[in-house]
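The values are calculated or read from the model by the stated rules, or taken from the named source; none is laboratory data. The structure displayed is predicted, hence computed values, not measured ones. Note that we place each Cβ from the backbone using ideal geometry, even for glycine, and neighbour counts take in every protein chain shown. What goes into the accessible areas is simple: the full protein's heavy atoms, side chains included, and nothing from ligands, DNA or RNA. Shrake-Rupley method; radii C 1.70, N 1.55, O 1.52, S 1.80 Å.
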Amino acid sequence: IGELGALTELILQSCSSLAALPATIGELKALTALNLERCSSLAALPDAIGELGALTELILQSCSSLAALPATIGELKALTALNLERCSSLAALPDAIGELGAL
């Protein structure tokens with residue numbers, strides 16, 4: 001997936017069997033929107049998510065198995081929208097979430 005450097009939007013909505021994203025997701029430098037809504041088997045995001053410097057929208061709604069967010073999420077300085085609605089396994093947010101000044 002890392003070879004798709006010009007990709008700006010990745011929609012994996014309702015991929016209920018998707019358990020993990022590859023670390024190479026961080027190579028998608030042009031990505032502005034990542035929609036993982038209803039990826040109910042997704043348990044974690046890779047640390048490389050923090051390398052998506054152009055990302056403005058991250059939708060994790062109804063990712064019911066998502067237990068934690070990586071601290072690297074604080075590196076997403078362009079992020080203006082973060083949807084964590086119905087992430088029922090998410091017990092806490094990392095302190096780094098406070099570094100997202102554009103939210």
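Surface analysis of the chain yields an accessible area of 48 Å² per residue, using protein heavy atoms and a 1.4 Å probe.
Evaluating 6.51 cos²θ - 1.76 cosθ + 1.60 at θ = phi - 60° for every residue in region 24-30, the Karplus couplings come out as 5, 4, x, 7, 7, 5, 8 Hz, glycine and proline recorded as x. Semi-axis lengths, largest first, of the ellipsoid equivalent to region 27-103 are 18, 13, 11 Å, with √(5λ) applied to each eigenvalue of the Cα gyration tensor.
Got the relative contact order for the chain handy, in percent, Cα pairs under 8 Å and 6 or more residues apart?
23 percent
For region 9-103, the list of GluC sites (Glu not before Pro) that fall in a loop by DSSP and count at most 12 other C-beta atoms within 10 angstrom reads GLU85.
Roll a 1.4 angstrom probe over the protein heavy atoms and tell me the percent of accessible area of the chain that is carbon or sulfur.
Working: 2650 of 4930 Å².
Roughly 54 percent, rounded to a whole number.
For region 60-74, putting each phi into the Karplus relation 6.51 cos²θ - 1.76 cosθ + 1.60 with θ = phi - 60° gives couplings of 10, 3, 6, 8, 5, 9, 5, 9, 7, 10, x, 4, 5, 4, x Hz, in residue order, rounded to whole numbers and with x for Gly and Pro.
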